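One structure is given here, and the rest of the page talks about it.
The values are calculated or read from the model by the stated rules, or taken from the named source; none is laboratory data. In this text, all values refer to a predicted model and were calculated from it rather than measured experimentally. Cβ atoms come from the backbone with ideal geometry, glycine included; neighbour counts cover every protein chain shown. In case anyone asks, the SASA skips ligands and DNA or RNA and just uses the protein heavy atoms, side chains included. Shrake-Rupley method; radii C 1.70, N 1.55, O 1.52, S 1.80 Å.
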Amino acid sequence: MDEAIKNLTTRKSFGKSLLYTLPMFLLTFILMTGGRPDFSDRSGTIALLTTFLGLNILYFLMHYTGKTDKFRAILFIVFALTLSFTLIKNTIDIRQTMTYSQGDILECNMPFCHLVIPMLILPAAFTQSIIYPGSILGGFASISAMVVLWLAASVTLGRGFCSWGCFYGGWDDGFSRFRKKPVIRKISDSWKWMPFAVLLMVALTSALALAPTYCDWICPFKAVTEFEQVTGIESAAKAGIFISLFGGLVVVLPVLTKKRTQCSYLCPLGAINTLSNKVTPFTVKIDRQSCNECYKCVQVCPMFALTNDDVKNGNVSIFCTKCGKCVDACPTQAIHYGIKGVPANRMVKFSRNLFLFVSFLFIAVFASGSIITVIKSIVNLFI
Amino acid sequence: MNKFKMTAGIIWALVCLLLMIILYFGLGSFSAGLAKLPFMKLNPHASGGEIAQQIAMENCTLTIRKPVFDGLFGERKKGFVQVDWRGNIPEIINDTIDYNMDNSPDFVIGINRLEDKVNLVALNPNVRDVAISTSTSRGWAARVNIYNEK
């Protein structure tokens with residue numbers, strides 16, 4: 001058994017890890033600099049190099065230590081924090097406030113985010129138009145660019161988007177790591193179907209109202225990005241809902257349960273991404289022969305994607321976001337990244353290397369812009 | 001069959017690897033391509049509707065948009081018409097609007113920008129009330145709720 005585990009370990013030597021990092025090093029450098037590095041701005045150069053090195057050190061450590069989740073989570077949480085900062089900074093630069101007015105809506109000046117996508121589908125099909133008051137192409141966070149990024153990530157990573165691309169998921173993920181042990185342990189597994197109910201509700205109401213109802217009334221992340229200026233009872237009620245849902249589902253419940261409760265109970269895009277897990281070639285596999293049924297994977301899964309029965313059957317459910325927490329926690333390496341069609345316990349290293357490259361490249365380039373913005377702002381305070 | 005599945009899985013994974021590498025290099029052209037698709041245009045509920053009339057005034061331009069009654073499956077009984085003022089706008093606006101272009105005024109809208117007060121005088125029974133009256137980066141905009149004449 002020990003020999004088998006040794007053979008399966010995804011840890012690599014220092015040199016081999018460097019070699020595996022080299023393609024990421026080159027690609028991220030080209031993509032982050034646009035192929036034409038400009039070092040004329042001092043704070044910009046410091047921010048660019050810090051981000052670039054930080055990202056590649058994380059990727060190197062994933063190979064060197066054989067662990068995934070710890071290093072993914074650092075980047076994922078930093079992405080969430082820096083993106084919120086960048087969004088708020090942009091909003092304040094343009095509007096001098098974190099709130100948006102009805103004028104901004106009428107002028108279609110609203111930055112687009114991927115959580116709007118579930119509300120666009122029915123109106124786009126029936127009215128051949130987009131109901132979100134944003135920019136179709138060009139400008140900050142255009143609808144076309146965000147849809148392309150989400151589509152590509154969903155096809156390649158499936159629900160992996162929720163752990164390797166969603167710039168809101170990092171908030172949940174971060175708060176779910178606050179305590180060592182959960183205070184609330186028993187949570188009904190059936191709650192994981194809730195996002196489908198939310199999806200149905202927001203898709204229908206948005207189609208009927210021809211307005212993005214989730215953004216208008218529910219989205220907890222309005223609390224850390226931008227929200228409607230409070231001018232009356234309705235806007236005050238909306239602000240109350242945003243803050244309550246953020247406090248409850250993104251802060252308090254993740255701390256108490258060690259689960260990503262907003263992602264698991266509310267997010268309508270999470271429901272769609274669950275279905276995209278059927279498309280992606282990447283998955284998490286359980287090798288029944290090496291599994292000792294300790295169920296550590298079930299305990300650590302933050303997304304209700306694993307039950308004891310799933311482990312006994314050797315299946316990971318479609319709710320999996322491929323965060324890697326179960327993979328890292330498994331004492332026998334029975335659970336690992338895999339490719340569909342390839343049996344469990346075969347091509348383990350190849351599958352992990354391929355998955356890590358695809359998923360890390362996506363988040364690294366996606367996150368780099370906001371990380372650079374934040375570091376540059378910090379550096380500018382001192383220069 | 002298993003070997004076929006395995007090969008197909010690996011090929012699909014490699015295709016995804018290629019897709020991810022070209023994604024960021026081609027993001028601009030992919031986005032531009034997507035934006036050309038027929039459904040990639042703003043719904044009138046978001047954009048305010050097509051511009052129907054533009055009237056040059058002393059220091060600003062008054063833009064009256066086409067009435068919006070769009071619903072998911074057809075036209076609704078209730079809708080709105082959006083009016084924009086752009087340029088050097090006076091502190092008190094008082095304009096007569098003919099949104100259906102039948103050469104008879106439909107409503108008179110008075111806006112006191114300093115006190116953020118709006119007054120609507122309906123001259124057409126289909127005019128209901130003011131839904132939104134707000135400042136914009138270029139001036140001022142108002143949406144007036146109306147009934148569909150059809």
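Would you pick out the residues in the range B:120-134 that are part of a strand (DSSP E or B) and buried (at least 16 other Cβ atoms within 10 Å of the Cβ)?
Answer for the range B:120-134, where residues must be part of a strand (DSSP E or B) and buried (at least 16 other Cβ atoms within 10 Å of the Cβ): B:L120, B:V127, B:R128, B:V130, B:I132, B:S133, B:T134.
Got at least one residue in the range A:83-95 being among the basic types (K, R) and within 11 Å of chain B (Cβ to nearest Cβ)?
yes
Every residue in the range A:311-339 that is farther than 24 Å from A:Y59 by Cα and open to solvent by 30 Å² or more (accessible area, probe 1.4 Å), please.
A:K312, A:N313, A:N315, A:V316, A:I318
Can you run down the residue pairs with Cβ atoms below 6 Å, 6 or more apart or on separate chains, where the first is in the range B:123-150 and away from chain A (no Cβ under 12 Å) and the partner is aromatic (F, W, Y)?
These pairs meet every condition: B:L123/B:F107; B:N126/B:Y147; B:V127/B:F107; B:N145/B:F80; B:N148/B:F69.
Hey, can you tell me all the residues within the range B:60-74 that are open to solvent by 30 Å² or more (accessible area, probe 1.4 Å) and more than 24 Å from B:D106 (Cβ to Cβ)?
Passing the criteria: only B:F73.
On the given criteria, is B:F25 within 21 Å of A:G138 (Cα to Cα), among the hydrophobic types (A, V, I, L, M, F, W, C) and either open to solvent by 70 Å² or more (accessible area, probe 1.4 Å) or in contact (Cβ under 8 Å) with a residue 12 or more places away in the chain (or both)?
yes
How many residues does the range A:340-383 contain that are open to solvent by 10 Å² or more (accessible area, probe 1.4 Å), part of a helix (DSSP H, G or I), more than 22 Å from A:G54 (Cβ to Cβ) and within 13 Å of chain B (Cβ to nearest Cβ)?
2
In the set A:F167, A:F242, which member is within 16 Å of the chain's Cα centre (by Cα) and over 18 Å from A:T274 (Cβ atoms)?
So the residue among A:F167, A:F242 that is within 16 Å of the chain's Cα centre (by Cα) and over 18 Å from A:T274 (Cβ atoms) is A:F167.
In the range A:319-339, how many are assigned to a loop (DSSP other than H, G, I, E, B) and away from every other protein chain (no Cβ under 14 Å)?
Selection size over the range A:319-339: 10.
Just checking, does the range B:85-98 include any residue being touching a Ser or Thr at 6+ places or on another chain (Cβ under 6 Å), under 22 Å from A:G103 (Cα atoms) and away from chain A (no Cβ under 14 Å)?
Scanning the range B:85-98, I find at least one residue that is touching a Ser or Thr at 6+ places or on another chain (Cβ under 6 Å), under 22 Å from A:G103 (Cα atoms) and away from chain A (no Cβ under 14 Å), so the answer is yes.
Kindly establish whether A:L120 is over 27 Å from B:L18 (Cβ atoms) and either of a type in the set (A, V, I, L, M, F, W, C) or more than 14 Å from every other protein chain (Cβ to nearest Cβ) (or both).
yes
Within the range A:251-269, work out how many residues are under 22 Å from A:A153 (Cβ atoms) and assigned to a loop (DSSP other than H, G, I, E, B).
3
Condition check ((1) open to solvent by less than 10 Å² (accessible area, probe 1.4 Å); (2) of a type in the set (F, W, Y); (3) without any contact (Cβ under 8 Å) to a residue 24 or more places away in the chain) across all residues:
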position	(1), (2), (3)
A:A141	no, no, no
A:A153	yes, no, no
A:G165	yes, no, no
A:S190	no, no, yes
A:A203	no, no, no
A:A209	no, no, yes
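Taking the conditions exactly as written (in a helix (DSSP H, G or I), open to solvent by 10 Å² or more (accessible area, probe 1.4 Å) and not acidic (D, E)), does A:A236 satisfy them or not?
For A:A236, the condition - in a helix (DSSP H, G or I), open to solvent by 10 Å² or more (accessible area, probe 1.4 Å) and not acidic (D, E) - is met.
Yes or no: A:L149 within 14 Å of chain B (Cβ to nearest Cβ) and more than 20 Å from A:V298 (Cβ to Cβ)?
Yes, satisfied.
Table: residues versus (1) outside any strand (DSSP E or B); (2) in contact with a Cys (Cβ under 8 Å, 6 or more places away or on another chain); (3) open to solvent by 40 Å² or more (accessible area, probe 1.4 Å); (4) not polar (S, T, N, Q).
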{"residue": "B:F39", "(1), (2), (3), (4)": "yes, no, yes, yes"}
{"residue": "B:A52", "(1), (2), (3), (4)": "no, no, no, yes"}
{"residue": "B:R76", "(1), (2), (3), (4)": "no, no, yes, yes"}
{"residue": "B:I93", "(1), (2), (3), (4)": "no, no, no, yes"}
{"residue": "B:T96", "(1), (2), (3), (4)": "no, no, yes, no"}
{"residue": "B:D102", "(1), (2), (3), (4)": "yes, no, yes, yes"}
{"residue": "B:G110", "(1), (2), (3), (4)": "no, no, no, yes"}
{"residue": "B:L114", "(1), (2), (3), (4)": "yes, no, yes, yes"}
{"residue": "B:V118", "(1), (2), (3), (4)": "no, no, yes, yes"}
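Please state which one of A:N277, A:N308 is over 30 Å from A:I121 (Cα atoms) and of a type outside the set (A, V, I, L, M, F, W, C).
Going through A:N277, A:N308 in turn, the sole match is A:N308.
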